[in-house]
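Structure first, commentary second.
Every read-out reported here was derived from the displayed coordinates using simple, explicitly stated rules and does not represent laboratory data. These numbers were taken from a predicted model, which means no experiment stands behind them. Every residue, glycine as well, gets a Cβ built from its backbone with ideal geometry; the counts of neighbours run over all protein chains shown.
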Amino acid sequence: MKEMSIDVPVEPPAEFKSLFIPIPPEYVEDAYKKDEFMILVGPQHGGSGHMRIIVRLKGDVIVDALPDPGYVHRGMEKLAENKLYIQNIPLLERPAIMDCANYNLGYVRAIEQMLDIEVPERAKYIRTILAELCRVGTHLYDAGILAIFLGHSTGFMWPFAMRELICEALMKVSGARVTASYIIPGGVRRDVSKSVLEYIREVTFFIEKKAKDFEKVFIKNPVTIARMKDVGVLTKKDAIRLGVVGPFLRATGVEYDVRAIEPYDAYDQLDWDVVTADDGDSYSRFLVRVEEISQSLRIIRQAINRLRTMPEGKVISEDLLGKIKDKEKASRDIKGNFYRIFGRLTLPAGEVTTLTEASRGTLLYTLVSDGESTSPYRLRIVTPGWLYLKGFMESLKGSRLADLQAIYGSFGYFPPEADR
Amino acid sequence: MVRVKSPELNFIERMKGHLDALRVGLREAIKPTRLTVQYPRERRKLPDNFRGMLILDVNGCISCFQCAFICPANAIVMKRGPDGKLYPCVNYAKCIFCHFCAETCTKGAWKSTKVMDVAFENEEEMLLTTEKLIKPPKLGREEEKTVSYEIKNGELILVKSDKLDELIPKNE
Amino acid sequence: MFAELMEMFRGNAVEIPILQPIIDALMGIPLVNFVVSFLLWKPLFAILFAPGLAALMVAMLFIIWFERKVTARVQWRYGPLEISRSLGGLIQPLADGMRYLFQEVIVHREAHKPLFIQLPLLSFIPVLLPFLFIPAGTIYAIRTPYALPLIVALISLVPMLIVLIGWASNSKYAYLGSMREVFMYFGYEVALIVVVMAMVLMYGSADLIEIVEKQKSLPGILFNPIACIAFFMVTAMATSRFPFEIPEADQEVVFGPFIEYTGIMFGIVMTLGYEKLYLLSLLFSILFLGGWNGPTIAILGDLSPALWLFLKTVVLMMMFVFLRTVYPRFRLDQAIKFGWTTLLSLSVISLAVAAVIRLVGWL
């Protein structure tokens, strides 16, 4: 259809000058001269997280999308330089609150690599169970957010109710519902009893059963499929070029999972599969995460079976216990020895980098120590949200305004995680 | 490696999808599975290792300052008691309930309660001095039942019992 | 003059045997008997009580409570329960309305102030005018052979007022919501007119009382089920029920044309959708479910057919509201495509079926 332009002088609205919006005024004027308009899907919006997306619209089609993140920036990298190594553990699990175990694991593994200590078997399996529980919790959380962005309130309440039982399981293991602060360098804080493992096993059966109902109501609902299929397509080349990570990369066909390539903890001793898809649209991204929930439940059940056969007891590494006399008792429960082991911990000089597969992608920690002080010299965190932000913005181009929420929900972008 | 494929729906499958969704909705509307705990009339049963507010056993404290040193949020302040020794005070505006202090104490002087829903009237009250930390917090309980979640064969059962939870552990 | 008016009112009065003693007692008092006979005059009774304002208010209070409760049941929670705990929270909508009365009505600087405040109140006019033409048994205001087209024409005025409300707000998201409302209106209006035409063709007249008379043996749904399905989906599109809740999408355009309303104005614009739902459900029950046909309850007199009509309407509204629990919302172009392909073809097929039924002579 041939377009005719009417040369009406349009002045860009005043809000682009008065608020601090990081776009040059020439860009705004250029947009308004070309008969397009800009809209702020801002922080106070029912359909965005705590971030602003500046959208340039031509009619109903998105021409360009610029992110404006940073509303939840708390300066964690700088805060970490002023705390002891052990005090950073509650700090660093706060970016992605429901994914606490994976964020803990990355940092703790960095310290263990620098100290060169060996983690006991039982602790490895307990850490794997916690990490996979958190992964299931995060995928359920993101499925709920996707459902409410599409307008499906039942699809929002059910994953959160299923996640409630995971929070209950975390509470039975560590004492707190979210942000467990349970993983410490050398193992975990204390052992897990048999009844708690049985409860976690029952939770996996419950989630699988309810997921079938959830599938019928939300996942296989024809309206959902119509909303999400072929929307926000990211091709394989684009995804690799823009540095997308995690299940969103796997949904374009690349088989990259840190747990399979550089395994840590107990992942190389358990039997599980990497989930990929081929299309790269929103629905494939969502389906990859749903299938990952089943794989995680499989890992949890296998780990619980292995834990039943192991003797109870040692969960803290002997290399750390050093001068403590009662090594038997001290390796079961950290209570009473916390300060003795970790209070004045110094790491040898050097730099170490760890990669972890958090729920939303690859999590990178770099720890630089100067050999003398009890706090890190420099701690660098790169969260998956920050890594795939550009890919998210690129996939918005060319779709309609209503698709912004569907694509946002399928990526599961979580601003506190991306902004740290 | 598992490959997921998104389905191509034809007309029959679409109708089946609509009918399935409606059927699940109707089934849940007629026989609901609710998991609400109607707080404050009911309270959830908390496990014994729950991380709630802390009570100090003043006879066990040896003023070693280790808990104040390890606290990630710098919430513990040491103040002088009537016998001249220094004892910890906790500022609940900063405490993150991580219980690093309870794990640090070599004498086991910190005891955890199951109290987690606390209210203060102004900000100065949130710094609990040692006199207040020794005594258990004042409780006003409104609940009549205690709810605990149990799962059998993949079904969630809410077990409601009239026996109230012991929020503050007895001294042994 | 008074006596002539009284004669006219008494001549066309609603008969309710159960309230007769009270009415007789009130007739003795001089000025009150004028007011009472004015209220019981059939046209005014139709507008004010049944199926007019009072029935509308009761239906809306019930349906808002029911929507919240049924969505809560499906979503594993309880819904509103605190206000009147023994009744299951039944008067929660009343409590919400009272709360809106206490909140401040903010009119922002860029809004066109007269239109902004007056339009939601003016939008009651096209919603309440059709009650002049909808009969409930023998209670009617105006009986004309052109009732059905008049009602459809008045219902089509409501989207225009919603677009004006969005325009008066002078905000970008309100503009987007108004655009969506316009596009949705194009999607369903033609199908609505064709379906209504099919039913008029089938029954042979557009007078609502005659239509219900013809359904004494079997309700209209059994004659022309395709028209019933088409009308159901058109109602879902017209009143922003899921899966077509597009102009007022909360997550995409932040409540669309009504974004800038607060306080009691917000309460008023929220009930616009439900009022339209009540109207269209009334039409649905008259056209397809046999209207006010049902066993007569003697003590209620003229109110008995009105009660049957009201019950059928409320049950139908409950079905529409249940859709909220199961469906997300469509995108705008998908909804319009649906309206112009599936709905239009269903309506045309129903027109053919109606023509066949008329030819064969079943009705």
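Quick one: Cα centre-to-centre distance for region C:338-362 and region C:1-67, in angstrom?
Comparing the Cα centres of region C:338-362 and region C:1-67, I get a distance of 41 Å.
Mind giving me the FRET efficiency for residue C:360 and residue C:160? R0 is 51 Å, r the Cβ-Cβ distance, nearest 0.05 is fine.
0.80
Under the Karplus relation 6.51 cos²θ - 1.76 cosθ + 1.60, θ = phi - 60°, what is the ordered set of whole-Hz ³J(HN,Hα) values for region A:405-420, x standing for Gly and Pro?
5, 5, 6, 4, x, 6, 6, x, 5, 10, x, x, 6, 6, 8, 6
To test your reading of the geometry: what angle, between 0 and 90 degrees and rounded to tens, separates the Cα axis of helix A:153-174 from the longest principal axis of chain A?
The angle comes out at about 20 degrees.
For residue B:43, enumerate residues with amide H under 5 Å from its amide H, sequence gap 5+ or separate chain, H modeled in the peptide plane.
HN-HN under 5 Å from residue B:43: B:145, B:146, B:147.
Hey, which aspartates and glutamates would be in cross-link range of residue B:16, C-alpha to C-alpha under 15 Å, not counting anything within fewer than 8 residues on its own chain?
A:213, A:215, B:8
Tabulate in residue order the Karplus-calculated ³J(HN,Hα) for region C:77-82, using 6.51 cos²θ - 1.76 cosθ + 1.60 with θ = phi - 60°, rounded to whole Hz; enter x for Gly and Pro.
For region C:77-82, the Karplus curve yields 9, 9, x, x, 9, 7 Hz.
For region C:41-360, give the magnitude of the charge dipole about the Cα centre (Cβ charges: +1 Lys/Arg, -1 Asp/Glu; no others), in debye to the nearest 20. Intermediate values should be presented prior to the final figure.
Values: 22 positive and 18 negative charges, 90 e Å.
With Lys and Arg at +1 and Asp and Glu at -1, about 440 debye.
Calculate how steeply helix B:11-30 sits against the longest principal axis of the alpha-carbon atoms of chain B, using the helix alpha-carbon long axis, and give the answer as 0 to 90 degrees to the nearest 10.
With rounding to tens, the tilt is 50 degrees.
Taking θ = phi - 60°, what integer Hz values does the Karplus form 6.51 cos²θ - 1.76 cosθ + 1.60 yield along region C:213-229, in sequence order, with x for Gly and Pro?
4, 6, 9, 5, 7, 9, x, x, 5, 7, 6, 9, x, 5, 5, 5, 4
What residues qualify as long-range amide H neighbours of residue B:78, i.e. H under 5 Å apart, gap of 5 or more or another chain, H built at 1.01 Å from N?
Placed amide hydrogens put B:89 under 5 Å from residue B:78.
Round to the nearest 0.05 the FRET efficiency obtained for residue B:64 and residue A:262 when R0 = 60 Å and r is the Cβ-Cβ distance. Walk me through the numbers before you get to the answer.
Numbers: r = 42 Å, r/R0 = 0.69.
Rounded to the nearest 0.05, the efficiency is 0.90.
How would you order B:21-31, C:189-199, A:225-235, B:78-88 from highest to lowest mean count of nearby Cβ atoms within 10 Å?
C:189-199, A:225-235, B:21-31, B:78-88
Would you grab the residues whose amide H sits under 5 Å from the one on residue A:361? Only those 5+ places off in sequence or on another chain, please, with H modelled 1.01 Å from N.
Those lying under 5 Å, H to H, from residue A:361: there are none.
Once you average over the residues of A:200-207, how many Cβ atoms of partner chains fall within 10 Å of each Cβ? Don't jump to the answer; show the numbers that get you there.
Details: counts 0, 1, 8, 4, 2, 5, 7, 2.
Across A:200-207, the average partner-chain Cβ count within 10 Å equals 4.
Please report A:72, B:90 as a ranked list, fewest other C-beta atoms within 10 angstrom at the top and most at the bottom.
Ordered from fewest to most neighbouring Cβ atoms within 10 Å, A:72, B:90 come out as A:72, B:90.
Can you list which of the GluC sites (Glu not before Pro) found in region B:101-170 are DSSP loop residues with at most 15 other C-beta atoms within 10 Å?
B:121, B:142, B:144, B:166
Taking the Cα-to-Cβ direction at residue C:44 and at residue A:327 and moving 7 Å from each Cα, how far apart do the two end points lie in nm?
9.9 nm
Answer with one residue from A:221, A:128, A:207: the one whose Cα lies farthest towards the positive end of the charge dipole of region A:104-255, charges on Cβ with Lys, Arg +1 and Asp, Glu -1.
The residue sitting most towards the positive pole is A:221.
Can you put B:61, A:134, A:167 in order of Cβ neighbours within 10 angstrom, beginning with the fewest?
Ranking B:61, A:134, A:167 by Cβ neighbours within 10 Å, fewest first, gives A:167, B:61, A:134.
Projecting each Cα onto the charge dipole of the protein assembly as shown (Lys/Arg +1, Asp/Glu -1 at the beta carbon, about the Cα centre), which of A:381, B:19, A:102 comes out farthest on the positive side?
A:102
About the Cα centre of region C:1-143, what is the dipole size in debye to 20, counting +1 per Lys and Arg Cβ and -1 per Asp and Glu Cβ, all else neutral?
I would put it at about 540 debye.
How well do other chains shield peptide B:146-158, expressed as the mean number of their Cβ atoms within 10 Å of each residue Cβ?
Mean shielding by partner chains, rounded to a whole number: 4.
Would you mind checking B:94/B:163; B:111/B:132; B:94/B:132; A:325/B:114; A:172/A:194; A:390/C:172 for any pair whose Cα atoms are more than 22 angstrom apart? Provide the component values of the computation, followed by the final result.
Working: B:94/B:163 33 Å; B:111/B:132 14 Å; B:94/B:132 17 Å; A:325/B:114 32 Å; A:172/A:194 11 Å; A:390/C:172 26 Å.
Long pairs (Cα-Cα over 22 Å): B:94/B:163; A:325/B:114; A:390/C:172.
Work from the charge dipole of the protein assembly as shown (Cβ charges, +1 for Lys and Arg, -1 for Asp and Glu, about the Cα centre) and give the residue of C:357, B:112, C:101 farthest towards its positive end.
B:112
Sorting A:388, C:185, A:182 on the 10 Å Cβ count, fewest up front, what's the list?
Neighbour counts put them in this order, fewest first: C:185, A:182, A:388.
What FRET efficiency would be calculated for the residue pair residue B:111, residue B:34, taking the C-beta separation as r and a Förster radius of 41 Å, to the nearest 0.05?
It comes out at approximately 0.70.
According to a simple spin-label model (label point 7 Å from Cα along Cα-to-Cβ), what is the distance in nm between residue C:12 and residue B:145?
Placing both labels 7 Å beyond Cα along the Cβ direction yields 5.8 nm.
What order do you get for C:296-303, C:274-281, C:25-32 when each peptide is scored by the mean count of other beta carbon atoms within 10 Å, highest first?
Highest-to-lowest ranking by the protection proxy: C:274-281, C:296-303, C:25-32.
So how strong a dipole does the protein assembly as shown carry about its Cα centre when Lys and Arg Cβ are +1 and Asp and Glu Cβ are -1, to the nearest 20 debye?
Value, rounded to 20: 2020 debye.
If I model a spin label at residue A:372 and residue A:27 as a point 7 Å from the Cα along the Cα→Cβ vector, what separation in nanometres do I get?
In this crude spin-label approximation the distance works out to 4.6 nm.
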